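What follows is calculated from the coordinates using simple rules that are stated; it is not laboratory data. Nothing here was measured: the structure is a model prediction, and the numbers come from that model. Here the Cβ positions follow ideal geometry from the backbone for every residue, glycine too, while neighbour counts run over all protein chains shown.
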Amino acid sequence: MKNTFSKGFTLVELLIVITILAALAAAVVVVLNPAQLLAQARDAQRLTDMTTMRDAINLFITQTTAPNLCLPAAGGCSTGFCTVASAGPFQTACATNDVRLINGTGWVSVNFGAMVGGSPIAVLPRDPVSAGNFFYAYRATAAGLFELATRLESERHRGMMITDGGNQNTCSTFIDQGAWATPTGLSCYFEVGTGVLSL
């Protein structure tokens, strides 16, 4: 009589293959570090938003006869605005304003609708996390200086907060997804604008 058993994998062979696949998966996770990749993506969005807003404000200044960068004056010109909480990067705390309107009542107190060709942006951006230490901030002076600020979180980008040319660049150790070793973390921001050394 003929033996009709079909050949297959033994239990030992299957365990070896599963062990190899698990080791490869662990190596991929360590090399790619999904948490850092997500933080880098959020930072890329923050950098894009800051550049877009800086360019929009500069365009507003060049196209407007008497540009007012702080509507109302009590917000944009005194304390500035932050989109989260009341802490901020400026010498005094920001007034909380998470409004995204472009008519001067949003967290960037500039009436982009007053521009001749219309506003270069449809809505004000918001930080991808928009909670805790991560938010957008704006402040301006009656003399036409302005600053936009945000906090970067990824290992790849956080050094830009020190080398951006601003005055909020005393950065302490970065730990646990953006919690700073200092109690408030008010000394380290990525800053763009015309008043990064004075606001």
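Brief remarks on what is shown
- With K and R counted +1 and D and E -1, the other residues having a Cβ less than 12 Å from that of LEU197 yield a net charge of -3.
- Near LEU152, the amide H atoms lying under 5 Å from its own belong to PHE190; only residues 5 or more places off or on other chains count, and H is placed 1.01 Å from N.
- Modelled spin-label separation between ILE16 and VAL116, with each label point placed 7 Å from Cα along the Cα-to-Cβ direction: 7.7 nm.
- Which of THR51, THR150 has the fewest Cβ neighbours within 10 Å, and the rest in rising order: THR51, THR150
- Under-5 Å amide H pairs with VAL196, H placed in peptide plane, nonlocal only: none
- The average projected area of the stretch 12-144, computed from the convex hull of its Cα atoms over all directions, is 11.0 nm².
- Dipole of the stretch 12-144, positive direction: furthest Cα of LEU38, ALA87, ALA25, with charges on the beta-carbon: ALA87
- In nm, spacing of pseudo-spin labels at ARG54 and ALA35 (7 Å Cα→C-beta vector): 3.0 nm
- When LEU148, LEU199, LEU37 are sorted by how many other C-beta atoms sit within 10 angstrom of their C-beta, beginning with the fewest, the order is LEU37, LEU199, LEU148.
- Net charge, THR51 excluded, C-beta distance under 13 Å - Lys, Arg +1, Asp, Glu -1: -3
- Segment THR170..THR64, full-extension length gain: 34.6 nm, with 0.36 nm per residue of separation and the alpha-carbon distance subtracted.
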